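S.K.: Submitted below is the structure of interest, expressed as structure tokens.
Just so it is clear, none of the values below were taken in a lab; they were calculated from the coordinates. It should be emphasised that the depicted structure is a prediction, and the values quoted were computed from it without experimental measurement. Here the Cβ is made from the backbone with ideal geometry for all residues, glycine too, and neighbour counts use every protein chain on show.
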């Protein structure tokens with residue numbers, strides 16, 4: 001029962017992050033001819049392990065699936081991202097014009113903060129991460 005509650009809370013937390021991030025990416029000006037819908041945003045979730053680990057990664061993946069189903073987003077994911085590849089993976093998605101790059105775990109903090117400074121038009125977030133000044 002305890003695992004299920006934690007699973008539900010983490011899934012809800014991930015959905016809320018996506019809602020917040022998508023709304024933060026929305027254009028401020030009303031002079032835009034058409035606003036982006038949830039499915040128009042390019043969003044990816046980076047996971048340090050496999051989606052079938054029945055733990056942290058599986059729970060984050062379940063939140064991604066729930067966000068896609070309930071919000072109409074088309075969040076992609078990449079699993080088993082190794083520490084040596086954190087920066088290059090963030091950069092790869094930022095270069096490809098992703099609106100939001102999410103990563104699951106504090107191990108991504110340093111790389112996210114470093115790469116985010118280079119791509120001011122891309123939103124970066126780390127689940128359980130530490131906020132950067134700036």
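S.K.: Debye sum, Cα scatterers, region 32-134, no solvent: what log₁₀ I/I(0) at q = 0.12, 0.13, 0.24 1/Å?
M.R.: These q points yield log10 I(q)/I(0) values of -0.39, -0.45, -1.36.
S.K.: Could you order the peptides 60-68, 89-97 from most to least packed, using the average number of other C-beta atoms within 10 Å per residue? All intermediate terms of the calculation are to be shown ahead of the outcome.
M.R.: Details: 60-68: 21.2, 89-97: 16.7.
So the order, starting with the most tightly packed, is 60-68, 89-97.
S.K.: Once you place label points 7 Å from the Cα toward the Cβ at residue 40 and residue 87, how far apart are they in nm?
M.R.: It is 3.5 nm.
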